[in-house]
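> Take this structure, written in structure tokens, and hold onto it; I'll ask about it next.
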Amino acid sequence: MIIRQIAKTILLSTIILLSASYSNKATAQEGKTIFNTYCAACHKMDKDLTGPALMGVEERWGNDREKLVAWVKNSANLIAAGDKHATDIFNKWNKLPMAPFETVLKDAEINAVLDYIKDWKPEVPIVDNNANQTSSDKNSLLLGIITLALALAALILLFVKRSLKKLSNEALDVTPVKAIPVWKNKSYIALAAILLFVVGGYFTTTSAIELGRNKGYEPIQPIFYSHKVHAGVNQINCLYCHGGAEKGKHANIPSVNVCMNCHKSITEYSGEQLYNIDGEKVDGTAEIKKLHEYAGFDINNANAWNPNDAKSIEWVQIHSLPDHVYFNHSQHVVVGKVECQTCHGEINKMDEVKQFTDLSMGWCVNCHRETKVQFKENGFYSIYEKYHNELKNGKLDSTKGITVEKIGGTECQKCHY
Ligand code: HEC
Ligand code: HEC
Ligand code: HEC
Ligand code: HEC
Ligand code: HEC
Ligand code: HEC
């Protein structure tokens, strides 16, 4: 009876604990989403942008949540009512009014975003090779802790049971059969050994498989070259610099002289403020100066520039497949008509490139299983007449299409030397 009671209590408190932490997380997540959607255009937490940095704003407003909510709903009302803090901040920001949100956001949503601002802390940047490990490691750590806690609970219950039995035996005056202690009991030992084997094996294999994988890798480059500025804001085609992707195996990194096509005349940066991954300001003009140094280019004497003086920039390579794998860009970009962004993520929105996928074999093979071959107006596929005819006379289900797998895209020798 008592054992059941204890078990019930433990179970119940676990559930309550878990659900409490879950619901907390949900609103924090909501607040973050709202912030990114409605506020991030003008506010950063730790830096002034169009509007002031918001870290610690709650304290600056004397922890008056009601007033803060009123501000976000419509700051003009507070200013009109003569609120001192509101007027001060309005004047300090050159009377630039903040957009009202009363029709856009519900009170609960404003509170969620204010909670998010209140709880926000600067992130500790991760720069090393193993950037990808954090989230999966955190998960396995959590799992480990939960497993340990459950094991402990089981052990406690076991001892409670034993002592209760002893008590009841004493009360009933039964002389108990001498029990075998836990650590000598063969079935317990066997159970522990199996558990150890399974858990240990799991961790060993997962970490072995992930060796050498660098998802999320974002090294510091010799020049802060922003893809967002070039391929995003200024809409320069990827192939202008990575033309190799259309022609052959490698996409290639452009030489200094390709950069100088534009940067002989673009010598200053006047776009939006840039930040590196540590959140520090980057001076774009100074970065262009670095480029000029590599190129051996002197702004004051531009006509005398000789492209042969250029030294190459030692960019840090980010993507790298093992030597035993064959990967060809043009096969994917031209024949397969796969977008760069499908494999590399939204590079045109990243300042510094980071590795978007894990480049694992599973990633390649899964895409080959799912992606349909683009037969239409694709001269490369005349050899697959057979499929065309089967599609026509209905032998093949045209709604399913023909995947890369069907034309041999999962055969080992296609990807391995
Ligand atoms: C269009 C730009 C813009 C957007 C979008 C915007 N703000 Fe503002 N915000 C400002 C400006 C500018 C100020 C400075 C006060 C002023 O000039 O009215 C400000 C001030 C504030 C302040 C007071 C800061 C202080 O230091 O006391 C808070 C709080 C605030 N904003 C919250 C938000 C929240 C929350 C959102 C999103 C729901 C948001 N803002 C969206 C421009 C904006
Ligand atoms: C003006 C030239 C330029 C344009 C345009 C450009 N890139 Fe790049 N790209 C570079 C340079 C320089 C590097 C090497 C430095 C770095 O990694 O940031 C690079 C690196 C990369 C890398 C990582 C290479 C590695 O080391 O593994 C990828 C992936 C990439 N670019 C994809 C793209 C895509 C996709 C686009 C179009 C959306 C694009 N690039 C547009 C110049 C350019
Ligand atoms: C097709 C023209 C073009 C080419 C090629 C080009 N750039 Fe740029 N670059 C620009 C433009 C446009 C800007 C933005 C200027 C502004 O906004 O004031 C810019 C800005 C920059 C900046 C300052 C912003 C930032 O990204 O940090 C740097 C540094 C830079 N370029 C480096 C390079 C390098 C290195 C290469 C060669 C890999 C290159 N650029 C190739 C057009 C080009
Ligand atoms: C099917 C997936 C896929 C597509 C589509 C793709 N890439 Fe790649 N990209 C890769 C892989 C995988 C690597 C690593 C290759 C290696 O290490 O040999 C890579 C490497 C690169 C590199 C590093 C230098 C190199 O050639 O190894 C650049 C730059 C690059 N890609 C740019 C592009 C651009 C630009 C496009 C679009 C025109 C593109 N990629 C389309 C998968 C893809
Ligand atoms: C986003 C989807 C996608 C990913 C990811 C992808 N591929 Fe492909 N792959 C394709 C498509 C589409 C084709 C069809 C082009 C063709 O028929 O040649 C293809 C074709 C190929 C072929 C030629 C197959 C044949 O039968 O001729 C090879 C080899 C190949 N991929 C290797 C790789 C490797 C290695 C990787 C991982 C590093 C990879 N692919 C990742 C979509 C993908
Ligand atoms: C679509 C491309 C593709 C095909 C098809 C393919 N592989 Fe791979 N394989 C890869 C890539 C990419 C890697 C590198 C994975 C990594 O570094 O994690 C790899 C790695 C491996 C490894 C090294 C172990 C590892 O995880 O690094 C072995 C062994 C292997 N493949 C065997 C095979 C066999 C056997 C087949 C046929 C059944 C096959 N592969 C088919 C792309 C492919």
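The values are calculated or read from the model by the stated rules, or taken from the named source; none is laboratory data. Keep in mind it's a predicted model, so treat the numbers as computed, not measured. Neighbour counts run over all protein chains shown; Cβ positions are idealised from the backbone, glycine included.
> Can you run down the residue pairs with Cβ atoms below 8 Å, 6 or more apart or on separate chains, where the first is in segment 231-255 and under 24 Å from VAL325 (Cβ atoms) and the partner is of a type in the set (Ser, Thr, Tyr) and surrounded by 16 or more Cβ atoms within 10 Å (Cβ to Cβ)?
ALA245/SER330; GLU246/SER330; LYS247/SER330; GLY248/SER330; LYS249/SER330
> Regarding segment 279-296, can at least one residue be identified that is part of a loop (DSSP other than H, G, I, E, B) and surrounded by 16 or more Cβ atoms within 10 Å (Cβ to Cβ)?
So far as segment 279-296 goes, no, none of its residues is part of a loop (DSSP other than H, G, I, E, B) and surrounded by 16 or more Cβ atoms within 10 Å (Cβ to Cβ).
> Taking LEU239 as the residue in question, decide whether it is under 30 Å from GLU287 (Cα atoms) and not in a loop (DSSP other than H, G, I, E, B).
yes
> Just checking, which of ILE236, ILE318, ILE253 is out of contact with any Gly (no Cβ under 6 Å at 6 or more places or on another chain), within 21 Å of GLU339 (Cβ to Cβ) and within 16 Å of ligand 6 (Cβ to nearest atom)?
On inspection, the qualifying residue turns out to be ILE318.
> I'm trying to understand the selection: among the residues of segment 59-89, which are buried (at least 17 other Cβ atoms within 10 Å of the Cβ) and acidic (Asp, Glu)?
Residue satisfying the conditions is ASP83 alone.
> When you scan segment 250-273, do you find a residue that is touching a Cys at 6+ places or on another chain (Cβ under 9 Å), within 16 Å of ligand 4 (Cβ to nearest atom) and in a helix (DSSP H, G or I), even just one? Walk me through how you get there before you give the answer.
We begin by selecting, within segment 250-273, every residue touching a Cys at 6+ places or on another chain (Cβ under 9 Å); these are 251-254, 258-259.
This time we only want the ones that are within 16 Å of ligand 4 (Cβ to nearest atom), so: 251-254, 258-259.
Now drop any that are not in a helix (DSSP H, G or I), which leaves 258-259.
Yes - at least one qualifying residue is present in segment 250-273.
> So the check is Cβ under 6 Å with 6+ separation or different chains; which pairs have a first residue in segment 329-351 that's of a type in the set (Lys, Arg) and a second one that's within 10 Å of ligand 2 (Cβ to nearest atom) and assigned to a helix (DSSP H, G or I)?
If the second residue must be within 10 Å of ligand 2 (Cβ to nearest atom) and assigned to a helix (DSSP H, G or I), the pairs left are LYS349/LYS228; LYS349/GLY232.
> Consider PHE356 against the criteria (1) at pLDDT below 90; (2) outside any loop (DSSP other than H, G, I, E, B): it satisfies all of them except one. Which criterion is unmet?
Exception for PHE356: condition (2).
> Follow-up. Looking at (1) part of a loop (DSSP other than H, G, I, E, B); (2) without any contact (Cβ under 8 Å) to a residue 60 or more places away in the chain, which one does ALA302 not meet, given that it meets all the others?
Evaluating ALA302 over (1) part of a loop (DSSP other than H, G, I, E, B); (2) without any contact (Cβ under 8 Å) to a residue 60 or more places away in the chain leaves (1) as the failure.
> Please go through segment 193-233 and give me each residue that is within 25 Å of CYS340 (Cα to Cα) and aromatic (Phe, Trp, Tyr), ordered by number.
Listed by number, the residues that qualify are TYR217, PHE224, TYR225.
> State yes or no: is THR206 modelled with pLDDT under 80, assigned to a helix (DSSP H, G or I) and hydroxyl-bearing (Ser, Thr, Tyr)?
Numbers: modelled with pLDDT under 80: yes; assigned to a helix (DSSP H, G or I): yes; hydroxyl-bearing (Ser, Thr, Tyr): yes.
When the stated conditions are applied, THR206 passes them.
> Does TYR225 satisfy the criteria of being modelled with pLDDT of 90 or more, surrounded by fewer than 18 Cβ atoms within 10 Å (Cβ to Cβ) and either more than 12 Å from ligand 4 (Cβ to nearest atom) or not in a strand (DSSP E or B) (or both)?
no
> What do you reckon, is GLU246 of a type in the set (Asp, Glu), at pLDDT below 85 and more than 9 Å from ligand 2 (Cβ to nearest atom)? Full working, then the answer.
On the way: of a type in the set (Asp, Glu): yes; at pLDDT below 85: no; more than 9 Å from ligand 2 (Cβ to nearest atom): yes.
So GLU246 fails the test.
> For CYS340, indicate whether it is surrounded by 11 or more Cβ atoms within 10 Å (Cβ to Cβ), modelled with pLDDT of 90 or more and either under 20 Å from CYS241 (Cβ atoms) or touching a Lys or Arg at 6+ places or on another chain (Cβ under 6 Å) (or both).
Judged against the criteria, CYS340 is a match.
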